[in-house]
Amino acid sequence: MYKKVTGTKDILPEEILKWQKIEEISRNIFSLYNYKEIRTPLIEEAALFNRSLGQTSEIIQKQMFLFNPASTDSCALRPEGTASIVRSYIENNLDKTTGFAKLYYIGPMFRLERPQKGRLRQFHHIGTEAIGSTDPSLDVEIISLADNMLKEFSIDGYKIKINSLGCAKDKKELIDNLREELKTELNKLCPDCQVRFEANPLRILDCKNEACQKIVSELKAKKNCLCPECETHFSKVKEGLDALKIAYEINPYLARGLDYYTGTVFEITHEALGAQDALGAGGRYNNLVKELGGPDVGAVGFAFGVERLLLITELENRITASKNLIYLITLGLEAKKEGLKLLNNLREKGMASDTDYENKSLKASMRKANDLNARFVLIIGDDELKKDVVTLKDMVSGEQKEIKQENLIESLKIC
Ligand code: HAM
């Protein structure tokens, strides 16, 4: 027997209602905020991610699903959406046609991680990218959009943590200061952070190792690294969040693991998720569009991990039963032929209907109708055929009556 690939999940019909609800709520909110959907391929040139996420990021170092890794035109399954969407924005000249673009996406992402609770190799993002503005109120809109989505998903108890990494110059200064200050502590850092010290000391800030966290908590370098312009931008973001009464914590250790971030970064966590506690995350990436060959425009976005949303949502209570299903039971060959026409007729009129394809007995068919939560059962047998009627059973009231074929649709509508 074949088994699914490690770190992937089948989403079975009984779970799909929750997925559909999350997607429906997301689409409704995106449309309220005037974000338009974009769909990009699941595979991209690997170089796009190398350039965008940074050679030293964990994703590029060890999590990419690569085809022809040795070749110069190597492709990768997308590990995230931002780089692909910026690539598409530039390639399709959206900067010239649309200008400022508010985009959203829903779809699978792939990372070769060690699977555990809330950490998969194929997982799903619901995300947004607003490209073409450096306005701090756009950062506020993005964070408030994420906050509103969580409320609509019936999730509470989450924390929004924000920070500013500053512009490229500020970031470089912070990295230099971190190296300078950590130089004397190098032996006390975990082996990973000793590598990060050379490659990208920013990543030491959010290392989970206790010894590293202690050293980080005593660092002075994290403070006062913002230039006046970035300081003002960050103040405006905080003021905007305050005005909307969005609760947040400032976390000066929040660095995010991807190189493209500049300025505001944020993460939304939930204790109930355990070790992998980020429900979603995002931030500004003001240099990425230019770096990938596009215009010099600011951008900001975020993504939720759908599997993690599903681990804690209380959406069950808000999922309504599917459409009123009509279940047709036919007895005998003639009735079956007549039944096929009737089913076709019902479906043409927009009425959800189904029948038995397993040659079940009347009793077993009734049980099946019950299992399917059918609202009505229709029965056609020799008797009904002779009288040109259908037996209609209301599964809620239990009432059963014969109805003339020509009046059936009308009766079902009234019911
Ligand atoms: P990220 O933090 O790498 O950001 O991913 C966003 C969210 O995806 C995480 O907070 C988490 O909920 C979920 N996630 C990540 N990896 C996994 C995994 N292996 N299994 C299950 N869920 C996972 C980004 O990808 C950025 N592109 C977000 C962004 C958009 N920044 C700006 N625009």
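The values are calculated or read from the model by the stated rules, or taken from the named source; none is laboratory data. Being a predicted model, the structure only gives us computed values, none of them experimental. For neighbour counting, all protein chains shown are included, and Cβ atoms are generated from backbone atoms with ideal geometry for every residue, glycine included. Keep in mind that these areas ignore ligands, DNA and RNA; they rest on the heavy atoms of the full protein, side chains included. Shrake-Rupley method; radii C 1.70, N 1.55, O 1.52, S 1.80 Å.
Miscellaneous remarks
- Net charge of neighbours whose Cβ lies under 14 Å from the Cβ of Lys62, counting Lys and Arg as +1 and Asp and Glu as -1: +3
- Selected from Asp170, Asp296, Asp382 as most flexible by GNM, with the chain as the system and alpha-carbon contacts under 10 Å: Asp382
- Translational D in µm²/s for segment 204-347 (Stokes-Einstein at 4 °C, 1.567 mPa s, Kirkwood Rh from C-alpha pairs): 63
- Sequence-separation-based contact order of the chain, relative, with Cα cut under 8 Å and 6+ spacing, percent: 15
- Electrostatic tally near Pro108: other residues with Cβ closer than 12 Å to its Cβ, Lys and Arg +1, Asp and Glu -1, net +3.
- Listed pairs Lys172/Lys236; Lys183/Lys208; Lys393/Lys413; Lys36/Lys238; Lys3/Lys62 exceeding 18 Å between Cα atoms: Lys172/Lys236; Lys183/Lys208; Lys36/Lys238; Lys3/Lys62
- Label sites at Lys290 and Ala243, each approximated as a point 7 angstrom past Cα along Cα to Cβ, lie 2.7 nm apart.
- Alpha carbon centroid spacing (whole Å) that separates segment 334-389 from segment 62-124: 47
- List Ile22, Ile215, ordered by accessible area with a 1.4 Å probe, largest first: Ile215, Ile22
- Charge tally in the Cβ shell below 13 Å around Glu307, where Lys, Arg are +1 and Asp, Glu are -1, Glu307 excluded: +4
- Net lengthening on full extension, Thr98/Ser411 (0.36 nm per residue, minus Cα-Cα): 107.6 nm
- Heavy-atom surface of the chain, accessible at 1.4 Å and reported per residue (Å²): 52
- Under the combined filter of DSSP loop state and at most 14 neighbouring Cβ atoms within 10 Å, segment 323-377 retains these GluC sites (Glu not before Pro): Glu358.
- Just the protein heavy atoms count here, and of the accessible area of the chain at 1.4 Å, carbon and sulfur take up 50 percent.
- Taking a quarter of the surface of the Cα convex hull of segment 270-352 gives a mean projected area of 12.4 nm².
- A run of the chain free of exposed loop cleavage sites, with chymotrypsin sites (Phe, Trp or Tyr not before Pro) counted only in DSSP states other than H, G, I, E and B and at most 11 other beta carbons within 10 Å, reaches its longest extent at 3-356.
- Note on segment 6-95: Kirkwood hydrodynamic radius from all Cα pairs is 15.6 Å, rounded to one decimal.
- Structural descriptor for segment 186-310: relative contact order 16 percent, calculated from alpha carbon pairs under 8 angstrom and at least 6 residues apart.
- Using bins of 10 Å that start at zero, the share of Cα-Cα pairs per bin across the chain amounts to 4, 18, 24, 20, 12, 10, 8, 4, 1, 0, in whole %.
- Prolate/oblate/rounded call for segment 52-202, Cα gyration tensor, a/c under 1.5 rounded: rounded
- Given R0 = 35 Å, the distance between the Cβ atoms of Met1 and Ala199 translates into a calculated FRET efficiency of 0.20.
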